[in-house]
Every structure is written in structure tokens, then in C-alpha cells.
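I have placed the structure first, in the form of C-alpha cells, so that the comments after it can refer back to it.
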Amino acid sequence: MNPKSARMAKHALLGGVLLLAFAGGAAASDGDGIPAGDGMTSARAFGNSVAPASVQVQVAQDRRRGDRGDRNHIVGRAAAVDGDTIEIRGRRFRLHGIDAFQPRQRCRTNQGRSYRCGRRATAKMQGLVNGQRIACVRLGGGRNAVLATCWRGSEDLGAAMVLSGWAVATGGPGGPYSIHERLARRRQAGAWSGRFTRPSQWHRDRQNRPKRRRERDD
């Protein structure tokens, strides 16, 4: 198995552990597989996990060895770039499995009022990571940033962003955060309280617009 396949297999294993933990910890669930109960209790159940503790231990061991361990584990104080990208020690990490509203993207309330949901997404990420030590597992390269799954303590940043309603899950029904998206939609969290275009579609639409119109919209 090549190194990239091994990393993806490790991530899939972690996801399986998390799903088993969620299934074992839920006393009851509704038809969508979402634990019954109030929204905040459910959000905490899905937004935190015990599995990342092994990642934190591995990172700590690597640092004690002079960072000569697994270089796919990265830890450090992070800054938010946007709603799904962070920066640690000058390196950018794009969160796997989510797509946050773009910085210039607008959404609408149910009353039709336009607002900058992209700025809300960035602000949410800033609140999660700024000044905090973040641990990431590198999954692969990307055009502008390394693809990774990251945690603040035991909190999965991707899960937290999707649960907040300022990011959506990618990968379809089998994506790692699809159940978090269903919970956010049910709670009408963030942009789910109104109407929006998914970030990937917004980006495609923007690329297809004439350049002059894009500049006017900004």
C-alpha cells in the first residue's frame, strides 16, 4: 500500500471509530439516524470524540523526539484563513470533508435579506482556532493547501463548522460529516435558517460570470 493510500485508510479507520462511538453513545435516534433530544446535546455528541486523543499523543511523542516522528501529524497555534482553511507555522491546511461559505459569498434570510455568510464562516473559524493549539493529520496535497483533518483538543474542527451551519459537508451521503449536516439543517443553524447556494456551486457560477460583473458584485 502506498503512503497516500495508507493515510486515507487511517482516516477511514478513525471515521469508523467515531461512528461506532456515536452509535454506542446514543440512547435513541430519529429516522435520520440523529440522536433524539435537544439540539445542543446532540451538537456536543457529534462535535466531540475520544478518537483524536490518540492523534494528540502521537503528536506529543513526535515533538519530544525533536519532531522526527510521523510528519503527517502537525501541531501548533493556528490562524483562520477562511471558513475551511487554517494556517499553522506558515503552512495552510484545508479541512477535509467540508466546504465553507466563501469569503465574498452572500446568502439570504427567509425574508429575502442578503448578508455575507462567507464572513460569518470565517468569523466562526477564527473563534475556533485563533490563539489555540491545533493538531492536524495530513491526508494529502492540494493546489493551495494541504488536505487535513484537524482538532482543537478533542473537538473536530470540520464537525464544528458543519454543525454551526457555516459550512456544508462534502462527499455525498457517505461523506464524513453528512450526519452533522443533517443535524445542522434540522436545527436551522447558521445559513440553514434561510436560503443559500452551496459554496461549490457558488464558485462555479462565479467563474462563469463575465469578469466585469464579478468585479461589480465585489
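Values in this text are rule-based calculations from the coordinates and carry no lab data. Everything quoted here is computed from the prediction, not taken from an experiment. Every residue, glycine as well, gets a Cβ built from its backbone with ideal geometry; the counts of neighbours run over all protein chains shown.
Summary table below
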read-out	value
Top-ranked residue in the stretch 96-133 [being among the basic types (Lys, Arg) and out of contact with any strand residue (DSSP E or B) (no Cβ under 7 Å at 6 or more places or on another chain); ranked as nearest to residue 163 (Cα to Cα)]	124
Complete set of residues in the stretch 116-160 that are farther than 16 Å from residue 76 by Cβ and in contact with a Ser or Thr (Cβ under 7 Å, 6 or more places away or on another chain)	124, 139, 154, 156, 158
Boolean, residue 164 is surrounded by fewer than 21 Cβ atoms within 10 Å (Cβ to Cβ), in contact (Cβ under 8 Å) with a residue 24 or more places away in the chain and either touching a helix residue (DSSP H, G or I) at 6+ places or on another chain (Cβ under 6 Å) or more than 26 Å from residue 77 (Cα to Cα) (or both)	no
Residue in the stretch 136-159 that is nearest to the chain's Cα centre (by Cα), counting only those that are aliphatic (A, V, I, L, M) and surrounded by fewer than 24 Cβ atoms within 10 Å (Cβ to Cβ)	147
Elements of type helices (runs of 4 or more DSSP H) contained in the stretch 98-201, each with 2 or more residues being closer than 18 Å to residue 86 by Cα	117-129, 157-164
Count of residues meeting criterion [hydrophobic (A, V, I, L, M, F, W, C) and touching a residue at least 60 places away in the same chain (Cβ under 8 Å)] in the stretch 127-157	9
